[in-house]
Amino acid sequence: MTHLQAGLSPETLEKAKVELKENPDTLHQDIQEVRDMIITRPDIGFLRTDDAFILRFLRARKFNHFEAFRLLAQYFEYRQQNLDMFKNFKATDPGIKHALKDGFPGVLSNLDHYGKKILVLFAANWDQSRYTFVDILRAILLSLEAMIEDPELQVNGFVLIIDWSNFTFKQASKLTPSMLRLAIEGLQDSFPARFGGIHFVNQPWYIHALYTVIRPFLKEKTRKRIFMHGNNLNSLHQLIHPEILPSEFGGMLPPYDMGTWARTLLDHEYDDDPEYNPESYNLAVEQLEKDLSPKAMKRSQSVVEPGVLKRPDKEKSEEENLQPLLSLD
């Protein structure tokens with residue numbers, strides 16, 4: 001075992017060897033091969049290239065050198081292309097702070113039985129008058145940056161549970177395809193984390209519709225890891241044991257305290273809550289919408305106009321209201 005594997009339990013070391021093809025004897029050579037590819041992308045500013053940093057990308061791509069480098073390049077390219085998202089990228093930024101305090105994301109204290117960290121999102125908590133969807137995405141990315149420092153999580157990965165209870169159609173209408181693509185690119189294509197499962201619970205019909213819109217932009221591996229449980233929490237419990245879940249998910253633990261993870265990141269600044277005026281930041285969001293037009297998206301597979309969700313016609317059936325969305329798949 002090299003110093004780069006310090007902090008890994010014997011069980012995780014074995015998992016890294018078997019599942020990720022991590023070999024301590026060739027670890028430095030693997031890292032250097034990825035580092036040597038940097039000269040092929042002079043258009044990207046690689047701001048960090050130390051061994052420990054590159055190693056997390058190798059682990060995320062099971063030590064496939066080319067795929068690890070592509071992920072590394074996309075990580076920095078994503079940040080270069082979305083500079084406004086990463087200005088004041090810290091927990092005390094007003095928008096990020098409000099999102100964190102509302103549980104975007106929540107982080108459970110217990111790991112699942114595979115050693116994965118469990119993130120939870122309660123969608124209805126989104127206060128659209130105080131922070132934007134981009135702020136939520138920034139808070140999630142910032143949280144992942146903090147957690148991915150743990151080598152155990154680099155190997156074992158994460159699980160995400162999204163509870164859509166009481167998430168209104170009005171709230172859903174703010175989730176434009178361009179914003180959802182921004183999230184997909186940031187989490188699926190540009191971050192060195194292994195997501196073992198994404199679980200939707202209590203999702204209404206219009207969330208199924210939104211999933212139909214974004215499905216073409218998801219990798220096949222990602223699609224296979226998305227589970228739509230609806231109101232059937234028993235199916236969730238077959239994958240994540242109720243002993244480690246809060247009561248909102250039919251678990252045996254007390255209700256989740258939304259401020260748990262925010263207190264971890266903010267520490268003594270948790271209660272320091274200056275008034276937040278989102279107007280200036282919304283200008284940046286509007287620019288992002290323009291930059292994320294279908295023409296500007298490199299990896300887009302189809303053209304989807306923003307604002308695709310419209311208020312349903314009460315005189316039409318649910319299937320008729322859904323048809324414009326379903327036709328986009």
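The values are calculated or read from the model by the stated rules, or taken from the named source; none is laboratory data. Every value quoted in this text rests on a predicted model; they were computed, and no experiment measured them. Quick reminder, even Gly has a Cβ in these numbers, built from the backbone with ideal geometry, and neighbours come from all protein chains shown. Ligands, DNA and RNA are excluded from the accessible area calculation, which covers all protein heavy atoms including side chains. Shrake-Rupley method; radii C 1.70, N 1.55, O 1.52, S 1.80 Å.
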Checklist outcome for this item: A careful count of residues in the stretch 181-213 that are within 11 Å of the chain's Cα centre (by Cα) and in a helix (DSSP H, G or I) gives 8
Item to check | Qualifying positions in the stretch 143-153 - out of contact with any Leu (no Cβ under 7 Å at 6 or more places or on another chain) and either over 22 Å from Ala91 (Cα atoms) or β-branched (Val, Ile, Thr) (or both) | outcome: Ile148
Next on the checklist: Just to be sure I understand, how many residues within the stretch 25-50 are open to solvent by less than 50 Å² (accessible area, probe 1.4 Å), farther than 22 Å from Gln80 by Cα and in contact with a helix residue (DSSP H, G or I) (Cβ under 9 Å, 6 or more places away or on another chain)?
Outcome noted: 3
Checklist entry - Among the numbered criteria (1) crowded, with 19+ Cβ neighbours inside 10 Å; (2) under 19 Å from Phe86 (Cβ atoms), which single criterion is violated by Tyr206? => result (2)
Checklist entry - Checking Asp127 against (1) part of a loop (DSSP other than H, G, I, E, B); (2) of a type outside the set (Lys, Arg); (3) in contact (Cβ under 8 Å) with a residue 40 or more places away in the chain; (4) more than 26 Å from Met252 (Cβ to Cβ), which single condition isn't satisfied? => result (3)
Item to check | Test for Ile136: is it β-branched (Val, Ile, Thr), outside any loop (DSSP other than H, G, I, E, B) and under 30 Å from Trp205 (Cβ atoms) | outcome: yes
Next on the checklist: Looking only at the stretch 41-66, count every residue that is part of a helix (DSSP H, G or I), in contact with a Leu (Cβ under 9 Å, 6 or more places away or on another chain) and free of Cβ contacts under 8 Å to residues at least 60 places away in the same chain and tell me the total.
Outcome noted: 6
